[in-house]
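The values are calculated or read from the model by the stated rules, or taken from the named source; none is laboratory data. This structure is a prediction, so every number in the text was calculated from the model and none was measured. All Cβ positions, glycine included, derive from the backbone under ideal geometry; neighbour counts span all protein chains shown. Each accessible area value is taken on the protein alone, full model and side chains, heavy atoms only, with ligands, DNA and RNA left out. Shrake-Rupley method; radii C 1.70, N 1.55, O 1.52, S 1.80 Å.
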Amino acid sequence: MLGRVTQGTITNQLLRNINRNMSQMQGLQEQLSTGMKINRPSDDPVGITYSLRYRSDLSLNERYQENVNSAASWLDFNDTLLSQVGDVVKRVKELAIQGSNDTNPNVALDNIAAEIKQLKEQLVEIGNSQFKGKYVFNGQFTDEKPYDSLANAAGKITDDLGIEYMISSGISIKVNLTGNEVFGFPPTGVTAPQNEDDNLFNVLDQIISNLESGNTSAVSDQLPLLDSRMDKILTQRAELGARVNRVELMEQRLQDLNLNLTTLQSKTEDAEIEDVLIKAKVNETIYQASLSVGAKVIQPSLVDFLR
Amino acid sequence: MRSTFHAIETAKRSLFTQQAALQTTGHNVANANTVGYTRQVVNMTASKPMEAIGMSSSTTPGQLGTGVEFSSITRIRENFLDSQFRNENKTHGSWSIQADTLQKLETIVNEPSDTGLRAVLDNFWKSWHDLSENPEDITARKLVRETAKAVTDAFNQTARQLEELSADITENIGVKANQINTSLETISSLNLQIRKIEGLGDNANDLRDQRDLLMDELSKVINVTSVETNDGEYQVMMGGTVLVDNGEFTPVTVESLQASFAGGDLSGGEVHGMIISRDQYVANYQQQLNTLVNGLANGDITVTIPAGAVLPDGITLDNITYSGTARTLTSPLTVTVKGLNGLHQLGYTMMDPPQAGGTFFASNDGGPLTAGNMSLNANILADAGYIASSMRTTGTPEAVVKGNKDLAMLISQFSEMKIDFSSVAVGAATAQGSVNDFFRSIVGQLGVEAEEANRQTTNAKIVVDQVDSRRQSVSGVSLDEEMSNMVKFQHAYNAAARFMTTIDETLDRIINGMGTVGR
């Protein structure tokens with residue numbers, strides 16, 4: 001390459017090469033110590049944009065997983081409440097059938113009425129259940145007791161808007177049931193968006209007053225209404241179950257997505273340690289060789305050999 | 001007819017010349033490691049022979065040599081390599097500064113990391129999810145406020161670092177201007193000395209070395225070319241601007257350098273790299289950050305407000321003003337609002353009676369919103385209850401439905417909403433994209449620029465090194481060579497001395513040994 005080689009040229013070239021070996025070593029060492037091949041945007045300008053995307057997506061995905069868990073616990077809680085309501089209704093039905101029997105003495109009817117009264121109170125209590133300090137059956141009025149009056153429970157119109165949870169980007173799921181959906185809308189005669197004669201509280205009120213007045217046939221007239229409400233509650237439970245399924249599916253999907261994103265992020269960002277290790281080892285050898293050669297090259301000149 | 005003592009003169013000339021050559025060899029060896037030193041050679045020529053042509057010339061065969069003399073001592077140097085070196089050096093100077101600045105920018109951006117702007121923004125969006133889980137809560141609101149503060153802090157800090165970087169560069173240009181002036185002054189005074197010395201017919205080798213070294217150093221700072229005048233002076237030019245001429249130099253200032261950059265005369269060197277770094281990279285990054293901040297706060301976005309929402313009284317959306325019963329939406333409404341601020345104003349704070357949300361982000365100095373002055377709305381800073389999450393009111397007198405979280409949910413999706421950045425772009429129009437998209441594109445662009453600058457720097461460095469090697473190969477001192485020369489000159493000197501002795505003996509024979517027959 002060069003016609004004339006001087007000590008200066010050799011020294012400069014040696015220094016340059018040793019420096020280059022050093023900076024290569026530094027790059028590899030950085031990859032080894034951080035475990036990442038992208039340590040700054042210029043390491044891979046395209047990779048960094050992916051890396052940032054995966055990181056954001058992962059972080060959001062984790063948040064959605066939390067949302068899914070919260071949604072699932074809401075739904076579970078609702079399901080428990082509905083099963084409690086179902087138990088109460090079952091008991092009411094047994095008592096009502098017992099009470100519709102003509103042969104009962106008045107005292108017995110009064111006892112039955114008293115127990116149903118207790119059951120109604122129980123139902124109102126269920127209707128006023130709170131989850132994490134929020135009333136669950138009052139739509140978005142989570143800070144308002146839905147069934148504040150025991151006597152007027154039948155005429156209560158609960159808030160009809162839902163509580164939604166974002167379970168994935170742009171996808172939300174309703175987690176609540178309104179009191180009217182579970183216990184029924186107010187019976188005919190009350191101004192409401194919708195009237196349902198099988199309002200549970202109304203049915204119970206009717207049964208109690210009929211039992212108290214000894215009108216057993218009227219009690220048996222209420223039985224079909226009790227059945228239709230029970231059916232509606234079961235339908236609600238079924239729908240709740242479907243929503244739980246959906247949430248569980250989403251949970252599975254989010255987990256899969258999490259795995260995918262983590263894999264992608266790792267592929268984009270992470271250094272392949274074996275690869276880097278081997279390169280680093282090779283580089284170290286070269287570096288040491290350049291040093292030892294340097295030590296030999298710098299020293300001798302003609303001066304050393306002239307007497 | 002030759003003189004009796006002719007040969008003594010010849011021997012003397014030889015002795016002197018070989019000694020001069022030895023002396024120069026010693027000088028070369030002494031300066032083997034001097035930066036910018038050019039090896040020197042003694043140019044020997046056979047001196048003028050005896051007996052020029054003429055009528056009275058003798059008939060002896062001739063011509064008889066008269067020995068050696070040295071006509072000059074010169075540097076071994078190629079001017080072409082010098083200009084090539086300076087040309088490449090300015091490129092290297094410019095790119096190395098650009099690469100350096102971009103590396104600093106990369107440090108400021110601090111990505112990929114779990115603490116950079118991206119992570120802070122992600123946490124902010126996540127806090128809105130928390131709020132949407134507990135919209136009745138003041139705790140969740142405080143969390144939103146704190147993460148929002150972290151966002152404004154991160155933007156403020158980045159903006160401040162960028163300003164500092166920009167100021168640092170300006171200061172450095174001043175330092176470089178001083179350095180340039182010192183070099184120019186020394187070059188012009190060297191010019192004068194060289195002219196004086198060379199006017200007498202000598203070669204001012206070492207002074208020229210110093211001047212060339214200064215030119216080399218200068219060529220790293222700015223683009224310089226030199227033209228040598230007949231009397232040995234350098235006329236130094238930066239593009240079309242004359243910096244040194246006729247023993248005078250024109251000092252540069254930060255302003256004059258800036259003007260030369262604008263006029264195109266300053267086209268390379270570190271100062272060039274600094275001005276590009278400051279006015280392009282840093283300024284561009286500042287501008288992009290400001291666009292990002294404005295897009296986040298005020299950029300046009302399209303949102304769908306769910307049915308059941310009750311709009312704040314008198315609000316105007318897409319040129320329709322909502323009041324009275326029209327405020328209650330019976331079906332979802334898709335409208336364009338102005339960024340997070342516009343979105344936040346669609347909802348209600350926790351205050352009673354209902355109060356529509358205010359702007360979310362605001363500038364803390366009243367000026368246009370920038371990354372540097374971005375802050376939270378003063379009300380929110382004072383009381384997190386001013387953060388809106390509900391979009392619904394009920395009853396008379398109206399009360400906010402605290403369990404409604406439509407707004408919190410909308411905002412939690414904000415990170416994926418397409419913002420029309422052209423509606424707020426500071427400077428050139430920018431395309432649509434989410435906040436994250438935009439930030440990614442900024443980081444990506446920075447990465448590409450830094451990668452390019454790094455590559456260019458490495459390339460330029462290799463070229464500079466190559467040219468320098470070639471120059472060294474021509475001008476550098478080779479100890480081996482000098483040692484061989486030394487041996488050569490020493491032998492020549494010894495031989496000349498021996499010759500002198502021989503002549504001495506010859507003369508001794510003539511003077512003392514002849515005409516003494518029979519003594």
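Multiply the residue separation of A:D160 and A:L264 by 0.36 nm, subtract the distance between their alpha-carbon atoms, and state the gained length in nm to one decimal.
Residue separation times 0.36 nm, minus the Cα-Cα distance, leaves 33.1 nm.
Once the Cβ-Cβ distance between B:Q63 and B:T516 is put in as r, and R0 is 30 Å, what FRET efficiency do you end up with, to the nearest 0.05?
It comes to 0.30.
Decide, for segment A:1-144, between rounded, prolate and oblate: order the square roots of the alpha carbon gyration tensor eigenvalues as a ≥ b ≥ c, take rounded if a/c falls under 1.5, and otherwise choose prolate if a/b is larger than b/c, else oblate.
It comes out prolate by the Cα gyration axes.
Quick one: what does P(r) look like for chain B with 20 Å bins over all Cα pairs, in whole %?
Cα pair-distance distribution for chain B, in percent: 17, 29, 20, 16, 10, 5, 2, 0, 0.
Which ³J(HN,Hα) values, rounded to whole Hz and listed in residue order, are derived for segment A:210-226 from phi using the Karplus coefficients 6.51, -1.76 and 1.60 in 6.51 cos²θ - 1.76 cosθ + 1.60 with θ = phi - 60°, glycine and proline given as x?
Taking θ as phi minus 60°, the curve returns 5, 4, 5, 8, x, 7, 5, 5, 5, 5, 5, 5, 6, 4, x, 5, 4 Hz for segment A:210-226.
Given a 1.4 Å probe and every protein chain left where it sits, what share in percent of the accessible area of segment A:55-263 is carbon and sulfur?
48 percent
For helix B:479-513, report the angle its Cα long axis makes with the longest principal axis of the Cα atoms of chain B; keep it between 0 and 90° and round to the nearest 10°.
Tilt relative to chain B: about 10 degrees.
If I model a spin label at B:L192 and B:A399 as a point 7 Å from the Cα along the Cα→Cβ vector, what separation in nanometres do I get?
9.4 nm
Solvent-accessible area per residue for chain B at a 1.4 Å probe radius, Å²?
That works out to 45 Å² for each residue.
Whenever you get a sec, compute what percent of the accessible area on chain B sits on carbon and sulfur atoms (1.4 Å probe).
Here it works out to 52 percent.
Whole-Hz ³J(HN,Hα) for each residue in segment B:103-114, computed from phi via Karplus 6.51 cos²θ - 1.76 cosθ + 1.60 with θ = phi - 60°, x for glycine and proline: what do you get?
Taking θ as phi minus 60°, the curve returns 5, 5, 4, 4, 5, 5, 5, 6, 10, x, 7, 9 Hz for segment B:103-114.
Enumerate the amide H contacts of B:T393 below 5 Å, restricted to partners 5 or more residues apart or on another chain; note that Pro and chain-start residues carry no placed amide H.
Those lying under 5 Å, H to H, from B:T393 are B:V310, B:V401.
Report the full-extension gain for the segment B:V41 to B:E78: residue separation times 0.36 nm, less the Cα-Cα distance, to one decimal in nm.
11.9 nm
Determine the distance separating the Cα centre of segment A:76-106 from the Cα centre of segment B:31-85; give it in Å without decimals.
Each part reduced to its Cα centre gives a spacing of 129 Å.
Under a plain spin-label model, where a point goes 7 Å from the Cα along Cα-to-Cβ, how far apart in nm are A:Q26 and B:T107?
Once both label points are built, they end up 1.2 nm from each other.
Mind checking the mean number of beta-carbon atoms from other chains within 10 Å of the Cβ atoms in A:128-141?
Mean shielding count: 3.
Residues of segment A:118-142 with backbone nitrogen within less than 16 Å of a virtual label 7 Å along the Cα-to-Cβ line of A:Q98, please, listed as ranges.
Once the point is set 7 Å along Cα→Cβ of A:Q98, A:118-120 turn out to lie under 16 Å by backbone N, inside segment A:118-142.
If each Cα of the protein assembly as shown is one equal point scatterer, what is log10 of I(q)/I(0) from the Debye formula at q = 0.09, 0.10, 0.11 Å⁻¹?
These q points yield log10 I(q)/I(0) values of -1.01, -1.12, -1.23.
Counting pairs of alpha carbon atoms under 8 Å apart in space and at least six apart in sequence, what relative contact order in percent does chain B give?
With pairs under 8 Å counted, the relative contact order is 21 percent.
Compute the angle between helix A:45-99 and the longest alpha-carbon principal axis of chain A, please, reported from 0 to 90 degrees and rounded to the nearest 10.
It is inclined by approximately 20 degrees.
On a 0 to 90° scale, report how tilted helix A:106-127 is relative to the longest principal axis of chain A, with both axes built from alpha carbons and the result rounded to the nearest 10.
20 degrees
Compute the FRET efficiency between B:S267 and B:T302 as 1/(1 + (r/R0)^6), taking r as their Cβ-Cβ distance and R0 = 45 Å, and round to the nearest 0.05.
0.45
For segment A:100-155, with every protein chain kept in place, what is the accessible area per residue (1.4 Å probe, Å²)?
Per residue, segment A:100-155 has an accessible area of 49 Å².
If the label point is 7 Å along Cα→Cβ of A:N69, which residues in segment A:122-144 have backbone nitrogen under 20 Å from it?
It comes to A:131-134, nothing else.
Would you mind checking which residues have amide H under 5 Å from A:D197's amide H? H placed 1.01 Å from N; only 5 or more apart, or other chain.
Correct list: A:T188.
Applying 1/(1 + (r/R0)^6) with R0 = 22 Å to the Cβ-Cβ distance of B:A20 and B:D231, what FRET efficiency is obtained, to the nearest 0.05?
Using R0 = 22 Å, I get an efficiency of 0.25.
What is the set of long-range amide H partners of B:A362 at a cut-off below 5 Å, with H atoms built 1.01 Å from backbone N?
Residues meeting the amide H criterion: B:S375, B:L376, B:N377.
Report ³J(HN,Hα) in whole Hz for each residue of segment A:173-184, in order, from the Karplus equation J = 6.51 cos²θ - 1.76 cosθ + 1.60 where θ = phi - 60°; Gly and Pro get x.
Once rounded to whole Hz, the list reads 9, 7, 10, 10, 10, 8, x, 5, 5, 7, 8, x.
Just grab the label-to-label distance for B:H6 and B:T501, each label 7 Å out from Cα along the Cβ direction, in nm (one decimal).
In this crude spin-label approximation the distance works out to 2.5 nm.
Does anything in segment B:147-178 have its amide N under 15 Å from the 7 Å Cα→Cβ label point of B:N364, and if so which residues?
B:147-161
Taking the Cα centre as origin and putting +1 on Lys and Arg beta-carbons and -1 on Asp and Glu beta-carbons, what dipole magnitude results for segment A:55-263, to the nearest 20 debye?
Dipole of segment A:55-263, to the nearest 20 debye: 420 debye.
State, in square angstrom and to the nearest 100, the accessible area buried between chains B and A, both chains counted, probe radius 1.4 Å.
4400 Å²
Using alpha carbons only, how many angstrom separate the centre of segment B:109-123 from the centre of segment B:195-212?
61 Å
Just counting partner chain Cβ atoms within 10 Å, what average do the residues of peptide B:106-116 show around their Cβ?
4
log10 I(q)/I(0), Debye, Cα-only segment A:55-263, no solvent, q = 0.10, 0.16 Å⁻¹?
The computed values of log10 I(q)/I(0) come out as -0.50, -0.99.
Using the Cα centre as the reference, give the magnitude of the dipole from point charges on the C-beta atoms of segment B:1-103 (Lys, Arg: +1; Asp, Glu: -1; all else neutral), rounded to the nearest 20 debye.
The dipole of segment B:1-103 has a size of about 200 debye.
Say the cut-off is 23 Å between C-alpha atoms; which of B:K142/B:K402; A:K90/A:K132; B:K176/B:K196 go over it?
Exceeds cut-off: A:K90/A:K132; B:K176/B:K196.
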